[in-house]
Amino acid sequence: MATQTAGTKVKAIDCLHFIDGQYVPSRNGKTFANINPATGEVLGTVAEGGREEVDLAVQAARKALKGPWKKMTAHDRGAVLRRIGDLILERKDELAMLETLDTGKPLWLSNSVDIPRAAYNFHFFADYIRALGTEAFQQDDVAINYSIRRPVGVVGLINPWNLPLLLLTWKLAPCLAAGNTTVMKPAELTPMTATVLAEICRDAGVPDGVVNLVHGFGPDSAGAALTEHPDVNAISFTGETTTGKIIMSAAAKTLKRLSYELGGKNPNIIFADSDLDEVIETTIKSSFINQGEVCLCGSRIYVERTAYDQFVEKFVAKTKQLTVGDPFDPNTKVGALISEEHFDRVNSYIQLAKQEGGQILTGGKRPESLQQGYYLEPTIITGLDNSCRVVREEIFGPVVTITPFDREEEVIELANDTHYGLSASLWTNDLRRAHRVAGQIEAGIIWVNTWFLRDLRTPFGGMKQSGIGREGGMHSFEFYSELSNICIKL
Ligand code: NAD
């Protein structure tokens, strides 16, 4: 199937499940349509999996735990992971185009962030597993204790649609590095790059059955079947907080290990002593990159009152310059939202902002020139306080609120007044204040004078209702491996 966008001929793919080393359709032949958010057109079909396909995939994954994968050393698994990363880079153009077709994000973003970072996830964990040790404790002359690391077993990886390949590989790389086998369930809205990744894993030398992929929906579909399956040992889930709650109750019946990366409503705190031009340049990204559909986007902007007017004036002016449009056009800064349903949801928050007494300083509507596809202008809202739903609830689109503050203690309280706790950005040139405020913000990831600067060795995850557990570096291995302590009496 081919689709024509901005003069680029791009081939979309029909998506099948990948079970035990083979692409297969659903047993009953059921499929659903994959829609291009930039045009509303059908890109192709996706096999719709359910209990039966998940069961076949889990059986294949269980069998593969005892096969050649088990005999591979960490060094050899690292070599396979390196090859996966290399093959992703070799197929970068194709993967970037598929990612953009599926998500509506600008092609330059897929090319410069999503796909290279997906490759790096494999390269990073390939090296990490080869260097990873375990603990040892000597109890004087009485005993020596040391721990050994083993795979957890079959791990279900359930992913959202906003950074499809990047987030899937963030889970898959450490999952494989630790020797597990897996059944992946990508988001129903973005199935294409995950489908290609299965082939890349096979080409890189991953034995049959180690990596399986079942497409489908969440409730009463492939997602729910995976979380309920008795032979799945653990679930790593990234998605909405409400979905996390449902999965937790489903997984409780078989007491699965869970890792959660959930929603956020991240504060962006700007003190008057910061470098305003740098702040604005980064805040444009932290607000609107990927159409604001990044869990780490700073959607609540708090600005010290003495800098407020200047910030608002410059920020609105820069935002108006962002080109919204065809994701394949290199000048596009903001592409299409993921789906019609999501467009309506984000739009409903803009209408709510008006009812709550907010002022829309720019944006708030579909660009007049774009009547097809799910495009929305980047939107800036002022005049709402922390009691408003628009300031409290995750919108997950190109919509931010700006609120002035007067005192440090006041802004800490405002920032923490949420049940989320994923990330925060602080802007100040006062080092002591940066350290003091950062230590009081209730978030798992806190940036000072930057945003989205990542070192994969660091803990990544949220507190409160933004997640459970941490991933990254050795934290990923805490989730993806079982440790046994061996105590030898001397
Ligand atoms: P979602 O929760 O609707 O869906 C995520 C995945 O879960 C999909 O694959 C879906 O099919 C599946 N699913 C849905 N219901 C299920 C069920 N009952 N059982 C099993 N699986 C089920 O989330 P989304 O709309 O795809 O993604 C957006 C959300 O993800 C936002 O809240 C965003 O903040 C969050 N997110 C968090 C991070 C992070 O690192 N914390 C990263 C990216 C996205």
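The values are calculated or read from the model by the stated rules, or taken from the named source; none is laboratory data. Computed from a predicted model, the values in this text were never measured in an experiment. Quick reminder, even Gly has a Cβ in these numbers, built from the backbone with ideal geometry, and neighbours come from all protein chains shown.
Which residues, counting only those in the stretch 429-461, are over 18 Å from the mean Cα position of the chain (by Cα) and of a type in the set (S, T, N, Q)?
Within the stretch 429-461, Asn429, Gln440, Asn449, Thr450 qualify.
How many of the residues in the stretch 249-271 are of a type in the set (A, V, I, L, M), within 10 Å of the ligand (Cβ to nearest atom) and either farther than 27 Å from Gly292 by Cβ or surrounded by fewer than 20 Cβ atoms within 10 Å (Cβ to Cβ) (or both)? Steps first, please.
Here is the first cut: in the stretch 249-271, the ones of a type in the set (A, V, I, L, M) are 250-252, 255, 258, 262, 269-270.
Remaining after also requiring within 10 Å of the ligand (Cβ to nearest atom): 250-251, 262.
So of that shortlist, the ones also either farther than 27 Å from Gly292 by Cβ or surrounded by fewer than 20 Cβ atoms within 10 Å (Cβ to Cβ) (or both) come out as 250-251.
Total meeting the criteria: 2.
Sort out which residues of the stretch 79-112 are in a loop (DSSP other than H, G, I, E, B) and surrounded by 23 or more Cβ atoms within 10 Å (Cβ to Cβ), and write them in order of number.
We begin by selecting, within the stretch 79-112, every residue in a loop (DSSP other than H, G, I, E, B); these are 91, 104-106.
Scanning the stretch 79-112 gives Gly104, Lys105, Pro106.
Cβ-Cβ distance below 6 Å, separation of 6 or more or different chains: which pairs start in the stretch 389-410 with a residue that is on the phi > 0 side of the Ramachandran plot and end on one that is of a type in the set (Asp, Glu) and modelled with pLDDT of 95 or more?
These pairs meet every condition: Phe396/Glu293.
Does Thr195 fit the bill of being touching a residue at least 60 places away in the same chain (Cβ under 8 Å) and buried (at least 24 other Cβ atoms within 10 Å of the Cβ)? Outline the logic, then answer.
Values: touching a residue at least 60 places away in the same chain (Cβ under 8 Å): yes; buried (at least 24 other Cβ atoms within 10 Å of the Cβ): no.
For Thr195, the condition - touching a residue at least 60 places away in the same chain (Cβ under 8 Å) and buried (at least 24 other Cβ atoms within 10 Å of the Cβ) - is not met.
With the condition being over 23 Å from Ile412 (Cα atoms) and either touching a strand residue (DSSP E or B) at 6+ places or on another chain (Cβ under 7 Å) or touching a residue at least 60 places away in the same chain (Cβ under 8 Å) (or both), I'd like the strands (runs of 3 or more DSSP E) fully within the stretch 207-316 carrying at least 2 qualifying residues.
Values: elements: 211-213, 234-238, 257-261, 266-270, 298-304.
Where strands (runs of 3 or more DSSP E) fall fully within the stretch 207-316 and carry at least 2 residues being over 23 Å from Ile412 (Cα atoms) and either touching a strand residue (DSSP E or B) at 6+ places or on another chain (Cβ under 7 Å) or touching a residue at least 60 places away in the same chain (Cβ under 8 Å) (or both), they are 211-213, 234-238, 257-261.
Looking at (1) within 16 Å of the ligand (Cβ to nearest atom); (2) under 30 Å from Arg433 (Cβ atoms); (3) more than 17 Å from the chain's Cα centre (by Cα), which one does Val294 not meet, given that it meets all the others?
The single condition Val294 does not satisfy is (3).
State the number of residues belonging to the stretch 218-242 that are within 11 Å of Asn159 (Cα to Cα) and near the ligand (Cβ under 9 Å from one of its atoms).
Let us first name the residues in the stretch 218-242 that are within 11 Å of Asn159 (Cα to Cα), namely 218, 223, 235-240.
Add one more test, that the residue is near the ligand (Cβ under 9 Å from one of its atoms), and what stays is 218, 223, 235, 237-240.
Qualifying residue count, the stretch 218-242: 7.
Here are some conditions: (1) farther than 30 Å from His229 by Cα; (2) out of contact with any Ser or Thr (no Cβ under 7 Å at 6 or more places or on another chain); (3) of a type in the set (S, T, N, Q). Gln59 meets all but one. Which one does it not meet?
Failing condition for Gln59: (1).
Go through Ile412, Ile486, Ile446 for me and flag whichever is more than 16 Å from the ligand (Cβ to nearest atom) and in a strand (DSSP E or B).
Values: Ile412 fails: in a strand (DSSP E or B); Ile446 fails: more than 16 Å from the ligand (Cβ to nearest atom).
Matching residue, one of Ile412, Ile486, Ile446: Ile486.
Scan the stretch 69-78 and tell me whether some residue there is closer than 20 Å to Ile13 by Cα, touching a residue at least 60 places away in the same chain (Cβ under 8 Å) and either among the hydrophobic types (A, V, I, L, M, F, W, C) or crowded, with 24+ Cβ neighbours inside 10 Å (or both). Talk me through it step by step, then tell me what you get.
As a first pass, look at the stretch 69-78 and keep what is closer than 20 Å to Ile13 by Cα: none.
Taking every residue of the stretch 69-78 in turn, none turns out to be closer than 20 Å to Ile13 by Cα, touching a residue at least 60 places away in the same chain (Cβ under 8 Å) and either among the hydrophobic types (A, V, I, L, M, F, W, C) or crowded, with 24+ Cβ neighbours inside 10 Å (or both).
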